1. With θ set to phi - 60°, apply the Karplus curve 6.51 cos²θ - 1.76 cosθ + 1.60 along segment 41-53 and write out the HN-Hα couplings as whole Hz, x wherever there is a Gly or Pro.
2. Is it possible to state the helix-based mean residue ellipticity at 222 nm for the chain, with each DSSP H run of 4+ residues giving -39500 (n - 2.57), the sum divided by total residues, to the nearest 500 deg cm²/dmol? What is it?
3. Relative contact order for segment 1-76: what percent, with Cα pairs under 8 Å and sequence separation of 6 or more?
4. Considering only DSSP beta bridges whose two residues both sit in the chain, what percent are antiparallel, to the nearest 5?
5. Under 5 Å between amide H atoms, partner at least 5 residues away or on a different chain: which partners does Asp28 have, H built in plane at 1.01 Å?
6. Step by step: find N for the chain, compute 2.2 N^0.38 Å, then divide the Cα radius of gyration by it. What's the final number?
7. Around Pro75, what is the net charge, scoring Lys/Arg as +1 and Asp/Glu as -1 over all other residues with Cβ under 14 Å from its Cβ?
8. Using the alpha-carbon centroid of each, what span in Å lies between segment 47-76 and segment 1-32?
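Nothing in this text is a laboratory measurement; each read-out follows from the coordinates by a stated rule. Source: prediction; values computed, not measured. Because the Cβ atoms are built from the backbone with ideal geometry, glycine has one as well, and the counts that use them run over all protein chains shown.
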Amino acid sequence: MFPNLDPLLHSELRLAIMSLLISHEQADFNFLKEHTKATSGNLSTQISKLKEAEYIYVEKGFKANFPYTLCKITPLGIDRFETYVSALQTYLTQHKIN
């Protein structure tokens with residue numbers, strides 16, 4: 001039997017954001033934009049969805065008179081990401097069992 005996959009993390013861009021944050025713990029908007037190749041609008045929307053789910057914490061402010069957004073993964077986000085990866089591993093290894 002296959003475990004359910006978290007629909008919030010099953011989005012390519014949200015998974016990319018979480019993957020970057022799991023390895024860097026925090027990243028600013030420009031770093032995420034550069035590494036995901038997402039548009040500003042799409043990245044902003046996906047960050048908001050992850051924030052609403054409390055998978056990430058978002059800190060907004062100004063740096064050198066420019067808007068600055070810093071994203072940090074939360075303990076819940078780490079747990080949900082690890083659970084998602086574990087579920088995917090089950091999918092990938094299931095055929096070896098049968």
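1. x, 5, 4, 4, 4, 6, 4, 4, 5, 5, 5, 4, 7
2. Calculated mean residue ellipticity at 222 nm is -19000 deg cm²/dmol.
3. Numbers: 76 pairs, mean separation 24.0, N = 76.
The normalised contact order for segment 1-76 reaches 32 percent.
4. About 100 percent, rounded to the nearest 5.
5. Residues meeting the amide H criterion: Cys71.
6. Taking the Cα Rg and dividing by 2.2 N^0.38 Å, one obtains 1.20.
7. It works out to a net charge of -2.
8. Centre-to-centre (Cα) distance: 14 Å.
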